[in-house]
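As C-alpha cells, the structure follows; a few thoughts come after it.
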2 protein chains.
Amino acid sequence: MNGAQALLRTLVGAGVDVCFANPGTSEMHFVAALDDVPEMRAVLTLFEGVATGAADGYARMAGRPAASLLHLGPGMGNGLANLHNARRGRTPLVNVVGDHARSHKRLDAPLESDIDAVAGTFSTWVRRSLRPADVGADAADAVAAAGAGGIATLILPADVSWSDGAEPADPVPGRPAPRPGPEAVEAAATALSSGEPSVLFLGGDAVREAGQLLAARITAATGARLLCETFPARLPRGAGLPDLPKLPYPPEMAIAALAGTKHLVVAGTTAPVHFFGYPGVPGTPVPDDCTVHVLAAPGEDGVAALEALADRVADGAEPQLLEASRPELPTGALTPRTLSAVVGALLPEDAIVVDEALTSGVGLAELTSGAPRHDWLSLTGGAIGDGLPMAAGAAIACPGRKVLGLQADGSAMYTISALWTHAREQLDVTTVVCNNGSYAILEHELARVGATGNGKRAGQLLDLGGPDLDFVALAGGMGVPATRAETAEQLADQLRRALAEPGPHLIDAVLDR
Amino acid sequence: MNGAQALLRTLVGAGVDVCFANPGTSEMHFVAALDDVPEMRAVLTLFEGVATGAADGYARMAGRPAASLLHLGPGMGNGLANLHNARRGRTPLVNVVGDHARSHKRLDAPLESDIDAVAGTFSTWVRRSLRPADVGADAADAVAAAGAGGIATLILPADVSWSDGAEPADPVPGRPAPRPGPEAVEAAATALSSGEPSVLFLGGDAVREAGQLLAARITAATGARLLCETFPARLPRGAGLPDLPKLPYPPEMAIAALAGTKHLVVAGTTAPVHFFGYPGVPGTPVPDDCTVHVLAAPGEDGVAALEALADRVADGAEPQLLEASRPELPTGALTPRTLSAVVGALLPEDAIVVDEALTSGVGLAELTSGAPRHDWLSLTGGAIGDGLPMAAGAAIACPGRKVLGLQADGSAMYTISALWTHAREQLDVTTVVCNNGSYAILEHELARVGATGNGKRAGQLLDLGGPDLDFVALAGGMGVPATRAETAEQLADQLRRALAEPGPHLIDAVLDR
C-alpha cells in the first residue's frame, strides 16, 4: 500500500470522510487513491480558498473535521485566508499539503517554497511525513490534533505518497477538553451575585444550545446581562432559545454595550477587543474599572463550566426564551432593512445561515431572532471570502437542511468560483448577494479612522461600480440559476421560490443606493 | 505629514508611481493620501492575487517596480501565489502590507496573524515601520531592495500610517549588478570552444534582446547550441531576433533536449531542474557527465558577461536571425495547433503575449517564432492564476501596446476577477481562454507520475465539466465584451476584431475535445 492510500484509509477510519481538494502534480497519487477508498468523498474546488472555506463550514456543522488537499506552498497561500478564519473559529481541520518528492526538495525547483514556515502561522500542529511507513500514524495524529479545535497541517512529499510500505493507523483517541477548576466557578458566582452591573459573555462552544440555556438560567437568577461574541463560529438561534445579542462590531456601539459593566464573566472565549485600532479609541470595549473573570478559556469545557456555575447560583431558575415571531413581508425599496425583513419572514425551519453580509446585514439579528430554529455561521477571523465556500461545506455536512448565504458583493468576489462547486455538487444553497456596488464597510471605516481627503481618487478605491458586477451573469457562467431582485417584493418572491426548489440558486439583490 | 503621505511621496519620488491595491481598514489612510499625491496611480483589484500578479506583469514590462497594497496577513496570503511567481522571476516589487496599529497588535484581534513570518518566505527584504519618522527612509530602502530584483515587503502599522511626523525620503541609489570575474568568462570560453557538444543556456535578464544577440554571435562562432530557460520572465521574440528555443517542460523532452551535452554554460539563471520529481526519473535533465559552467548567476550582470565572452570567442561573428514568417490562417476544428496558428497569423507588431495556456499552448512557440517582434511573459514560478493579472499590469505599463492573454480555463478561475480590472481601467487586453473543460495538464501528470487507478472518482477531480464554465457569461458579468469561438475561422475572425478595437475583450475558445 502506498502512502496516499494509507493516508486516505487512516482519515476515513478516524471519521474524516470528506476532502475538499484543489490538487496538482504532487497530489496525483492522492487523487488516484480515491478510487481505492470509496468511503472518502472528494469535492473539487476551482481555487484553494474555496477548499479551505468549505472545510471550515463543513466542520462547524458536522462537528468533526474535513480534510483540505492543497498543492505546495502557493496553493496553501491561496487557502490561507480561510485557514485564518478556521483558526479564529477553532475549527477542526486536517490540512493536507502536497510537497515535492524528497529528492527533489533540495533542487529549488520553480514551485519550491517554505511550506513549513507558512503553515506554522495558522496551524496548531504541523508535521512532514518523512517515510511511507510514517504516514498512517502521522495522519491519525493529525486528526487527533485537529479534534482539539485547530488546524493540523500534514505535509506529504510526493514520493512518500507514491511509495509502498505504508499502512493505515488506528484513530488516536482525543482528549476531553479540560474542565475549569472550582475557583473559576466561585469567582464567577461571586461576581455575578455581587449586585453590581455584570455581563456573562459567551463564545466558542459555550454558545451552542446547552450553553445558551445554562447561561440564560444563570442570568435569570443573578440579573446579569447575557451577551455573545461578535462573530461566533456557529450560533443556534430562533424561537425557543434565549435572547443572546451579539456584541456589536462598531467600536462606539461595543463600548456603549459594555458601558458601566463592573464584572465581565467570559466562557468559551476571551474578553472582547475591537476588530481594529482607531485614533483616540481604546483597544477594547471593556471599561477600565471592569473586572474580567475567566470562567472557561477557549479550549476549556465551557458547557461544564456553565453547568457548575448554574448549580452554584441558578438552582430552580428558568431561562427566558424567545417566542416565535416573524416580521411582516416588506414592500417597496430594497434596503438592508427590507432585505433583512424578507429573510426574517421566510427563513425556513432548521436553516443554516452563512452570514457574510457585512454592512448590508444590519437588521438581520433583530428581524430573525424569533424565526424558526436555525444555525448562524459568522466570519470568525474577519478575512472576507469565507461565505460562499462555507455554504458549500455546510450543505455537504447537512444534506437535509437549507443553506442560506447572505453575501456582500465585494467579498463575494474573493472566492466567486465556489458557485461552480455549488452547481457541480447540486448543493441546497441559496445565495443572496447584497449588491450595493461598493466596499460600503470601508466607506464607514475611512470616516471612522479619521482619514481626511475623502476625495475622488480615494473614493474610487471603495467603489465597485464602473463596471457594475452582474452576479446573475457570473452565477450563470458557473451553472447556478440566478435572478435579480430590485424591490422587496421581488426578493421575497424569488427567495421563496429558490428555497422551495432543491439545488443551488443565487439572487442578485440590488440594494437601493 | 502623516506616514501614509510620506510613503506615497517617497515611492513616487523613487519612480514607483503605480499601486495595485485591495485595501482594508488598516490601509484607509493610504487610500486617503491618494488625493494628496496625484502622481500615484492606484488601480483597484477585487482580490489580492490580482494586485500582486498585476504588479508582477507591470514590472516585467516597465522595468521598474510597482507597489502592491494588501490588507493584513490574510490579504497577503491571498496575494502569496503571485508573489511566489514574482520571486521566481526576480521581479522588482514593493509590497506594502498594512497591519494593526501598534497598540492594537498585542491584543490578538481577530485579524491578527504573523505577517512577518509569512513575508519572509517570499521577500528578499522585510521591514516593519516602527515610527512615522521612519516611513520615508523605510520606503526608499524598500524601492532600492526591490530594484535589485526581488520583493521588498514593507509592513505599515495603521497608526504609523495615520500619525504625523513623517517626511518623504530621497531615493536610495541602486547598486549595479555585479559583473562576473574573468575566470568565469575564461571557463565558459574554454568549454564552448572545446569541440564537445555544448549548450549556452540563457535566463533572467540575459534573454533580453542584447543578451540574445550576443549569445547568438557566441553560438555562431563556437557551434554551441542556444537554449533558454523554460519559463523566462520576459522573452523578446519574433523576426529579427535569434532562434532561441525554450527547454521543454515535460521531463522526457527536457532530457532529450540536453542528451549528449558535455558542457552547459548558464547565464542569468541556474542549471535547469525538472518542475517536479517523478518516480524513476532523475531530478534534472542535465546529463551526469555534463559539466555546468556558471557564466553569470541570477542577479549578476548576464549581459556584461556575454559581452566579455563574445569579445573572447566571437570576434566578427554575426548572429543568425529569424526571417519574418507567419503560418497560414487555419480552418476547421479548434485544436491547440490551430489555435496557435491563428495566434501566429494575427499577432500584432509589438504585442505583449501573456502565456498561461499550459497544455493548450503546445504549438505556440513554433508558430509565432517568425511573427513581428513581441514580448512573451511566462509563468515563472508555476503558481497558476498569474495570467489575467499579469496582463492587466503589462497593459498599464505599456499603454500603446496590445496585450494578448493566452489563458488555460482551469487556471483562469484562480484570479478571474482580474477581468473586472481589465474593464474598469479599459485596458487593451484581449484574453483568449483555451477552454478544454479539464485540468488537462493534470491528466498528463497523473499518467507521468505512474498513478494507477485512474478511475471515475480520480477523473472527476481533473474534469472541469458538469457544469461547463461559460467564460462569455463570466466576462460579461465583469464588464468585458466577450464572444465564443468553436472553429478556427471563428477564432481568427473574433481575434482580428478584438485586436482592432481598443479596450478589453475575451474570446472563449472552445477546443475540440
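What follows is calculated from the coordinates using simple rules that are stated; it is not laboratory data. Note that the structure is predicted; figures quoted are calculated from it, not measured. Cβ placement follows ideal geometry from the backbone for every residue including glycine, while neighbour counts extend to all protein chains displayed.
Computed quantities for the displayed model
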| item | result |
| --- | --- |
| Calculated FRET efficiency for the pair residue B:196/residue A:456, C-beta based, R₀ 51 Å, to 0.05 | 0.20 |
| Dipole magnitude (debye, nearest 20) for region B:199-330, charges at Cβ of Lys, Arg, Asp, Glu | 180 |
| Three-way shape label, region A:3-162, alpha-carbon gyration tensor, a/c 1.5 | rounded |
| FRET E, pair residue B:187, residue B:259, Förster distance 30 Å, beta-carbon r, rounded to 0.05 | 0.85 |
| Exceeding the 28 Å Cα-Cα cut-off - candidates A:456/B:105; A:105/B:105; A:246/B:105; A:105/B:456 | A:456/B:105; A:105/B:105; A:105/B:456 |
| Per residue convex hull volume, Cα atoms of the protein assembly as shown, in Å³ | 152 |
| Gain upon complete extension [residue A:289, residue A:373; 0.36 nm per residue less C-alpha separation] | 26.5 nm |
| Charged-residue dipole, Cβ positions (Lys, Arg, Asp, Glu), region B:1-53 about Cα centre, Debye nearest 20 | 60 |
| FRET E, pair residue B:41, residue A:39, Förster distance 45 Å, beta-carbon r, rounded to 0.05 | 0.25 |
| Computed magnitude of the charge dipole of the protein assembly as shown (debye, nearest 20; Cβ of K, R +1, Cβ of D, E -1) | 100 |
| Within 10 Å of each Cβ in B:405-412, the average number of Cβ atoms from other chains | 1 |
| Separation of alpha-carbon centers, region A:110-151 and region B:195-271, rounded to whole Å | 40 |
| Beta bridges per DSSP with both ends in the protein assembly as shown, % antiparallel, nearest 5 | 10 |
| Neighbouring partner chain Cβ atoms per residue of A:84-90, average, 10 Å criterion | 3 |
| Counting DSSP beta bridges with both ends in chain A, the antiparallel % (nearest 5) | 10 |
| Residues with amide H under 5 Å from that of residue B:43, placed H, sequence gap 5 or more | B:19, B:20, B:21 |
| Table column - 3J(HN,Hα) (Hz), region A:465-474, Karplus curve with 6.51, -1.76, 1.60, x for Gly and Pro | x, x, x, 5, 7, 10, 6, 5, 5, 4 |
| Label zone at residue A:501 (point 7 Å along Cα-to-Cβ), backbone N below 16 Å, region A:408-429 | A:423-424, A:426-429 |
| Longest DSSP-loop-exposure-free segment, GluC sites (Glu not before Pro), chain B, at most 14 other Cβ within 10 Å | B:40-322 |
| Region A:110-255, Cα convex hull volume normalised per residue, Å³ | 193 |
| Theoretical gain in end-to-end length, residue B:148 to residue B:349 [0.36 nm per residue, Cα-Cα removed] | 69.3 nm |
| Charge dipole (chain A, unit charges on Cβ, about Cα centre) - positive-most of A:479, A:249, A:510 | A:249 |
